[in-house]
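The next block holds one structure in the form of structure tokens; read it before the comments.
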Amino acid sequence: MHSYEAMLLAMAKPALSGKIRSLRQIFKEFKIAGLLEAPHWPQSSGVLVAPKGVPMQLAVRLIQLVGVPPWEADVFDAFKAEYEADCAHIQKLLKEAKEKYHGIET
């Protein structure tokens, strides 16, 4: 255990038992370490809207890996090509499955 962690642990035990002085000390250390500050998040309404004409699954993937729009044209084109190839592959697999299992009841 790091010496700083050991110090905090030693301060935490009496603080958790309600000792006011220990509480003040540990909160002072937390403040110095920046642990009491709320994280800064960009202000958002909490709703993401995909740009017009962009399939939602593609938009979600772009947001997860690249960030919110606007996206660079070359990045968007690469993701769109991959998305379209995946969709075509899925359609091919569905067609093959229907042909293979046509008429077979499960």
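The values are calculated or read from the model by the stated rules, or taken from the named source; none is laboratory data. As the structure is a computational prediction, the values presented were derived from the model and not from experiment. Positions of Cβ are backbone-derived with ideal geometry, glycine not excepted, and every protein chain shown enters the neighbour counts.
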Pairs, first of a type in the set (A, V, I, L, M, F, W, C) in region 1-27, second in a loop (DSSP other than H, G, I, E, B), C-beta under 8 Å, six or more apart:
LEU9/MET1; PHE27/LEU36
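Residues checked against (1) surrounded by 10 or more Cβ atoms within 10 Å (Cβ to Cβ); (2) at pLDDT below 90; (3) in contact with a strand residue (DSSP E or B) (Cβ under 8 Å, 6 or more places away or on another chain):
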| position | (1), (2), (3) |
| --- | --- |
| PRO42 | no, yes, no |
| PRO51 | yes, yes, no |
| LEU94 | yes, no, no |
| GLY103 | no, yes, no |
Using the structure shown, decide if LYS80 is among the basic types (Lys, Arg) and out of contact with any helix residue (DSSP H, G or I) (no Cβ under 9 Å at 6 or more places or on another chain).
no
Verdict on GLU82 being charged (D, E, K, R), surrounded by 10 or more Cβ atoms within 10 Å (Cβ to Cβ) and at pLDDT 90 or above:
yes
For ARG61: the one exception among (1) of a type in the set (Lys, Arg); (2) in contact with a helix residue (DSSP H, G or I) (Cβ under 7 Å, 6 or more places away or on another chain); (3) outside any helix (DSSP H, G or I)
(3)
